[in-house]
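The values are calculated or read from the model by the stated rules, or taken from the named source; none is laboratory data. Everything numeric here is computed off the predicted structure, so don't read it as measured data. Neighbour counts run over all protein chains shown; Cβ positions are idealised from the backbone, glycine included. With ligands, DNA and RNA removed, areas are computed over all heavy atoms of the protein, side chains included. Shrake-Rupley method; radii C 1.70, N 1.55, O 1.52, S 1.80 Å.
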Amino acid sequence: MKKVITYGTYDLFHEGHLRLLERARGLGDYLIVGVTSDNFDRERGKLNVKDSLAARIEAVRATGFADEIIVEEYLGQKLSDVIRFGVSVFAIGSDWKGKFDYLSKHCEVVYLERTKGISSTGLREEGAKLLRLGIVSDSQDDGDVGAETDFVSGLEISGVYVPAISGGLAGLGKGDMAAAGAFCAKYDLAAAFGTADELFAGSDVVYIHTRRRHRFFFAAAALRHGCHVICDFPLNKPEEAAGICGLVKEKGLVFADCVPLAYLRTFQQLIWLLQGGAIGQVLSVECAMPTHGSFRDAEALAAFAVTRILGTENAGVRRLCVCTRERYDRVVFSYPDAVASCSASGSKWLKPGMTVLGSDGRVNVPGAWWNMSYFKMRTGSEDDLRRYSFNIEGPGLRYLLSEVTQMIAERRGESIALSHEEAQKLVYLLEQGDLL
Ligand code: C2G
């Protein structure tokens with residue numbers, strides 16, 4: 001007998017799950033389905049799972065394709081199951097391509113094409129609605145949103161629109177179809193939308209991933225169309241930030257600035273500790289960030305971190321720039337009782353990190369502080385070292401995506417992690433320092 005095994009969460013059971021199980025069953029004579037436990041999902045960074053384990057098992061059972069259902073409880077269980085059950089074929093969706101090749105020593109590994117562009121309300125009668133996320137991107141980069149969406153239950157990518165920018169002006173009309181097609185092939189997406197309106201019509205949420213000067217244009221158009229918006233940070237002008245606030249209120253929609261750092265538990269804990277005086281009065285914040293993309297976007301992110309620690313009141317901002325072959329920028333934030341700076345450069349020798357110096361101690365965030373999962377705090381003496389960490393998975397964007405789905409469900413226009421007012425104040429500050 002040829003045994004096939006497959007695994008999944010099967011939350012808000014839908015057409016994609018059904019088709020996967022049907023094809024997996026067709027690969028052999030007996031199908032074992034592993035349904036993830038809540039603990040395992042937490043451990044692997046899958047967020048927002050709505051249905052209980054019992055309901056998810058029942059949804060799989062009701063398809064009639066599973067001959068046996070087991071629970072997947074820990075990392076490494078797949079290999080043990082394959083050996084234990086004498087499995088011939090391991091099958092999983094193509095979003096996992098390459099990830100389970102290590103099992104091929106023991107059985108055949110098959111990646112089945114994922115069902116793209118699921119548009120219905122799902123198969124369940126009560127129809128918990130899947131949210132469709134459309135992407136507006138002016139490059140061949142999806143800002144990690146594709147991979148991260150796979151970890152947020154209830155969210156599916158609808159497709160992409162790549163605007164054709166002529167004379168530096170953005171429009172909503174016919175996009176660059178060749179670029180959109182290449183984008184879909186690169187990220188395995190269902191639809192290359194010809195116009196922005198088509199993308200808006202096929203999406204509940206739109207992610208705006210363009211250069212700064214076009215963000216407002218597309219964000220405002222999506223909101224006017226009735227879509228919720230996640231937009232790269234920052235907007236280009238304070239008036240734009242104010243305009244977005246007005247539109248969000250008028251339309252009763254959700255708008256989230258894409259600052260994943262604001263959603264990281266480690267960063268939140270750092271801020272709570274600093275505000276509670278854990279290292280006394282903060283005297284300085286220094287951070288460094290190697291940059292290959294936009295310097296101004298990198299500096300805006302640093303401004304977010306610095307102002308979370310030192311506030312936006314009485315802050316002065318200035319940029320010092322060395323524009324040689326390897327550009328080097330230093331942005332200095334001055335306060336009456338503190339100073340902060342952020343270095344950004346394309347030089348590979350710039351070491352990323354953040355140090356916060358206080359009157360009674362010091363915090364170090366080694367490495368990529370914008371994606372922090374760990375920091376060290378010294379107080380009292382040099383030996384008095386405490387480590388704080390949270391296991392974050394991926395680049396952090398999934399936590400923001402998860403919050404956006406909650407905001408939509410609760411009809412809450414603003415994010416708990418980053419308010420419109422704070423984002424707007426930051427855009428004012430960045431303009432004041434000529435950083436926009
Ligand atoms: N799937 C699909 N089409 C979709 C959505 C999901 O074919 N539109 C497939 C996935 O590729 C997976 C299965 O359906 O093979 C279950 O999907 P999820 O419930 O999202 O589970 P997942 O997070 O992919 O977990 O150990 C768990 C496994 O690694 C898979």
statement: Of the residues in segment 96-108, those that are within 28 Å of Leu130 (Cβ to Cβ) and not in a loop (DSSP other than H, G, I, E, B) come to Trp96
- line: Per the filter on segment 51-65, residues in a loop (DSSP other than H, G, I, E, B) and either buried (at least 18 other Cβ atoms within 10 Å of the Cβ) or within 12 Å of the ligand (Cβ to nearest atom) (or both) are Asp51, Phe65
- prompt: Restricting the first residue to segment 92-110 and requiring it to be within 22 Å of Gly16 (Cβ to Cβ) and of a type in the set (D, E, K, R), which pairs with a second residue that is within 8 Å of the ligand (Cβ to nearest atom) and assigned to a loop (DSSP other than H, G, I, E, B) meet a Cβ separation below 9 Å and a spacing of at least six or different chains?
  reply: Asp95/Arg114; Asp95/Asp150
task: Answer with yes or no whether Asp188 is modelled with pLDDT under 95 and surrounded by fewer than 20 Cβ atoms within 10 Å (Cβ to Cβ).
output: yes
query: How many residues, within segment 72-95, are near the ligand (Cβ under 10 Å from one of its atoms) and open to solvent by less than 70 Å² (accessible area, probe 1.4 Å)?
result: 8
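When you look at Glu43, is it open to solvent by 40 Å² or more (accessible area, probe 1.4 Å), within 11 Å of the ligand (Cβ to nearest atom), touching a helix residue (DSSP H, G or I) at 6+ places or on another chain (Cβ under 9 Å) and not hydrophobic (A, V, I, L, M, F, W, C), yes or no?
In short, no.
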- line: The helices (runs of 4 or more DSSP H) lying entirely within segment 194-275 that contain at least 3 residues which are open to solvent by 10 Å² or more (accessible area, probe 1.4 Å) and basic (Lys, Arg) are 212-224
query: Quick one: how many residues across segment 146-193 are without any contact (Cβ under 8 Å) to a residue 40 or more places away in the chain and part of a helix (DSSP H, G or I)?
result: 7
query: Has segment 10-25 got any residue that is of a type in the set (Gly, Ala, Ser) and either more than 13 Å from the ligand (Cβ to nearest atom) or open to solvent by 50 Å² or more (accessible area, probe 1.4 Å) (or both)?
result: no
